[in-house]
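The values are calculated or read from the model by the stated rules, or taken from the named source; none is laboratory data. Since the structure is predicted, the reported quantities are computational estimates derived from the model, not experimental observations. Note that each Cβ is placed from the backbone with ideal geometry, even for glycine, and that neighbours are counted across all protein chains shown. Heavy atoms of the whole protein, side chains included, go into the accessibility calculation; ligands, DNA and RNA do not. Shrake-Rupley method; radii C 1.70, N 1.55, O 1.52, S 1.80 Å.
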Amino acid sequence: MPNRPYISLKLATSLDGKIALSNGVSKWITSEEARAKGRELRATHDAVMIGSNTAVEDNPRLTTRMAGAADPLRVVFDSRLRLSATSNLVASAREVPVLVFTIPHEESASKALKKNGISVEVVRKSEHGPDISEAMKVLAERGITKALIEGGGTLAASFLRAGIVDSIHWFRAPVILGGDGRNCIGDMKFDGLDNIPRYARKSLEIIGPDTYEVFEQAK
């Protein structure tokens, strides 16, 4: 996919790759030290991206909360325009920009978001929501050179299927959540091993009780 930012994927999971219990409880799987490192990671990217489920269920701010560090553009992939006017993202949109990618709707559907300072970009619909190839071209045109996927599993799977996740930053806590926990990556639906995404580990660091590994796409 030409004309796109460099894409990083951040995962914060249990040892068995879960991001939450089956009931959605996830605060906190990883340690404060790991979460602080994650905020530092945001500061090294021009944009941080999440799906609508993450926006609705976690109500994140997606800021660095670091003195002197610039906050990235906050991006939400939201087919149904579920982002609430009372959410942390909308409430702070005039201080730290927010961009929503959605699919064609009646113009009135996005008026409330725009009224609160949200930028809304309509892109074509794909099988899994807003088309990511078109969205990445929009980001590139806005001068975004590095973008970080921070949640959730469906959005991560879409980028992985497209083969455009350049690096993975994986924080793993020494806990087990079990098979009924929520997976960090959504369904990939591979029928063989020939075309699965492959990565090479570039670094490993112990942060408090957690492990932080960086992987780059295998060439």
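The set of residues from the stretch 10-24 being of a type in the set (Gly, Ala, Ser) and either assigned to a loop (DSSP other than H, G, I, E, B) or more than 16 Å from the chain's Cα centre (by Cα) (or both) comprises SER14, GLY17, SER22, GLY24.
Applying the condition of being in contact (Cβ under 8 Å) with a residue 24 or more places away in the chain and crowded, with 17+ Cβ neighbours inside 10 Å to the stretch 121-130 and asking which residue is nearest to GLU95 (Cα to Cα) yields PRO130.
Of the set (1) free of Cβ contacts under 8 Å to residues at least 60 places away in the same chain; (2) on the phi < 0 side of the Ramachandran plot; (3) hydrophobic (A, V, I, L, M, F, W, C), all apply to ILE144 but (1). Within the stretch 25-58, the set of residues being surrounded by 14 or more Cβ atoms within 10 Å (Cβ to Cβ) and outside any helix (DSSP H, G or I) comprises SER26, ILE29, THR30, SER31, HIS45, ASP46, ALA47, VAL48, MET49, ILE50, GLY51.
Checking each residue in the stretch 88-109 for being of a type outside the set (A, V, I, L, M) and either open to solvent by 10 Å² or more (accessible area, probe 1.4 Å) or on the phi > 0 side of the Ramachandran plot (or both) picks out ASN88, SER92, ARG94, GLU95, PRO97, PRO104, HIS105, GLU106, GLU107, SER108. Among the criteria (1) closer than 18 Å to MET136 by Cβ; (2) part of a helix (DSSP H, G or I), the one ILE7 does not fulfil is (2). Those residues that are assigned to a loop (DSSP other than H, G, I, E, B) and of a type in the set (Phe, Trp, Tyr), I need them from the stretch 161-199; list them, please. PHE190, the sole residue that qualifies. Count of the stretch 172-195 residues, restricted to those that are open to solvent by 100 Å² or more (accessible area, probe 1.4 Å) and either within 22 Å of the chain's Cα centre (by Cα) or of a type in the set (Asp, Glu) (or both), is 5.
Being among the polar types (S, T, N, Q), under 21 Å from ALA47 (Cα atoms) and not in a loop (DSSP other than H, G, I, E, B) is the filter here, so list the residues in the stretch 98-144 that pass it.
Of the residues in the stretch 98-144, the ones among the polar types (S, T, N, Q) are 102, 108, 110, 116, 119, 126, 133.
Among the residues that remain, those that are also under 21 Å from ALA47 (Cα atoms) are: 102, 116, 119, 133.
Across the stretch 98-144, the qualifying residues are THR102, SER119, SER133.
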